[in-house]
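Just below is one structure, and these are the notes that go with it.
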Amino acid sequence: MRTAVIQLNSRNNPAENLATVEHFLDRAAAMGAQFASLPEFWTYLGPYAGFDEAAQTIPGPTIERLQEKARKHKMIVHGGSIVERVSTMPGKFHNTSVLIDRAGEIIAQYRKIHLFDVDLANGEKHYESERIVPGNEIVTAEVDGVTFGLTVCYDLRFPELYRSLALRGAQIVLVPSGFTLHTGRDHWEVLLRARAIENLCYVIAPAQVGKYPPDRQCFGRSMIIDPWGLVLAQAQDMPTVIMAEIDLEHIASARAQIPCLSNRRPEVYDL
């Protein structure tokens, strides 16, 4: 499966961000992509105060535009994540990922479980829980015979979630992200490759790159990683599309060589 990962520098203008994404989806399709994946918060990346205006519904006009692209190009589209309005909780939102099949149907939705509440040594403070309500459901979905596992950004630091996805049959795990420059340069590649190696699956990690309002910066370096932990493609420090071929037989081969999923001893550890 020819796979495209789209790296963006989203800002606080949803209309402009959508136009950019549509351009890159068309470009990915022209490059032969059968599957395309977007980063975290691609519709709006800016101050939490702007969530009220930028929030979307699912289904809704923005996701419908992705559905149209999926139908037009007969391409599976992973809608990264967006700010989803919580209808029962005014002023609160979900960080929600959407998977769309080639027919333009929404196959799965995942709401980010682990929220990014941190005080970094460089002075950055992020309190995602001020506006975001966490999800409580682990999500896998099968499309065209491929089982996808859905996660978002900070989830990457919780290996138990990824092991749960692998045990539920995930062959490709999606990690739309907006890692900070401060954490990304030391942790991003290490964590992604570890999750792939531990679970012997592909890891698809589209990322935000560059500065965004008010005065923050994302690391970028979107990646496609195989079940052996090898980086098949990596983006440079700019909005772009990277491509790689996903070979599902490689998953079976890796798991046959190192059967760590079947060699587990869950009766010994309390996880």
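Check whether at least one residue in the range 205-220 is under 25 Å from Ser164 (Cα atoms), outside any strand (DSSP E or B) and charged (D, E, K, R), and report yes or no. Scanning the range 205-220, I find no residue that is under 25 Å from Ser164 (Cα atoms), outside any strand (DSSP E or B) and charged (D, E, K, R), so the answer is no. When the range 180-225 is filtered for residues that are touching a residue at least 60 places away in the same chain (Cβ under 8 Å), of a type outside the set (A, V, I, L, M) and over 28 Å from Tyr48 (Cβ atoms), the ones remaining, listed by number, are Glu198, Asn199. Within the range 56-79, identify whether any single residue is surrounded by fewer than 20 Cβ atoms within 10 Å (Cβ to Cβ) and hydrophobic (A, V, I, L, M, F, W, C), and answer yes or no. Checked against the condition, which is being surrounded by fewer than 20 Cβ atoms within 10 Å (Cβ to Cβ) and hydrophobic (A, V, I, L, M, F, W, C), the range 56-79 yields at least one hit. Can you tell me how many residues within the range 248-271 are charged (D, E, K, R) and exposed (fewer than 12 other Cβ atoms within 10 Å of the Cβ)? Of the residues in that region, 4 qualify. Filtering Gly60, Gly46 for residues that are at pLDDT 95 or above and small (Gly, Ala, Ser) leaves a single hit, Gly60. Every condition in (1) closer than 23 Å to Leu45 by Cβ; (2) in contact with a Lys or Arg (Cβ under 6 Å, 6 or more places away or on another chain) holds for Ser129 except the one numbered (2). Considering (1) surrounded by fewer than 21 Cβ atoms within 10 Å (Cβ to Cβ); (2) more than 19 Å from Leu38 (Cα to Cα), the lone condition that Ala244 does not fulfil carries the number (2). Number of residues in the range 14-58 that are of a type in the set (Asp, Glu) and under 20 Å from Pro90 (Cβ atoms): the value is 2.
The values are calculated or read from the model by the stated rules, or taken from the named source; none is laboratory data. Bear in mind that the values here come from a model prediction, so they are computed numbers and not experimental data. Methodologically, a virtual Cβ is constructed for each residue, glycine included, from the backbone with ideal geometry; neighbour enumeration extends over all protein chains shown.
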